[in-house]
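Quick note: the coordinates plus some simple rules give every number you see, no bench work behind them. All of these numbers come straight from a predicted model, not from anything done at the bench. Every residue, glycine among them, receives a Cβ derived from its backbone with ideal geometry; neighbour counts consider all protein chains shown.
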Amino acid sequence: MALQASHASDQRNPDRAVAVPLTLQSALAREPEAATERILEIAEGLSDLPKGPYPCLNPKCRKNCAYPERGGQGHRPQRFCSRECRLKFERARARLVWEVDRLKELEDGPLTTRQKVTLNREISRRQWALDRYPALGAAGE
């Protein structure tokens, strides 16, 4: 089964005064036959990605992390401001995952309507919090 190309619009609203930045998808829609070199040139020139630092991935942290400078050797992009912040993130995520799993075990038991409502709300709250703690790849940081 072949994958179909996405045909999403470039999400520009002509009625708005603020310009929406060009995306790689919309740029390539204009140049569907672009060569690799041209695609890389377009990707480098896009303005929709911040050039400066991003916030630390730990939702409770207010510090920033920076992508390594162009041409830097052996530097991985930081996702967390520090090792301690990454560990706090991992502990909080693991606790939320454990709580969701434990609460879901109660769904099959005998519950009153009120208990079911409370259980569903508490599972939902923890899943909502987990959205702020995305699963990271094996590299971690």
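Available extension along the chain between residue 120 and residue 42 is 23.4 nm, counting 0.36 nm per residue and deducting the alpha carbon span.
Between residue 97 and residue 30, the modelled labels are 4.3 nm apart [label points 7 Å from Cα along Cα→Cβ].
With R₀ fixed at 25 Å, the C-beta to C-beta distance from residue 127 to residue 88 puts the FRET efficiency at about 0.80. Overall, region 51-135 carries a charge dipole of about 460 debye about its Cα centre when +1 sits on the Cβ of Lys and Arg and -1 on the Cβ of Asp and Glu, all other atoms neutral. Between beta-carbons, use under 14 Å as the cut-off and find the net charge around residue 128, counting Lys and Arg +1, Asp and Glu -1. It works out to a net charge of +2. Each of the peptides 126-134, 81-89, 103-111 was scored by the mean count of other Cβ atoms within 10 Å over its residues; in descending order, highest first, they stand as 81-89, 126-134, 103-111.
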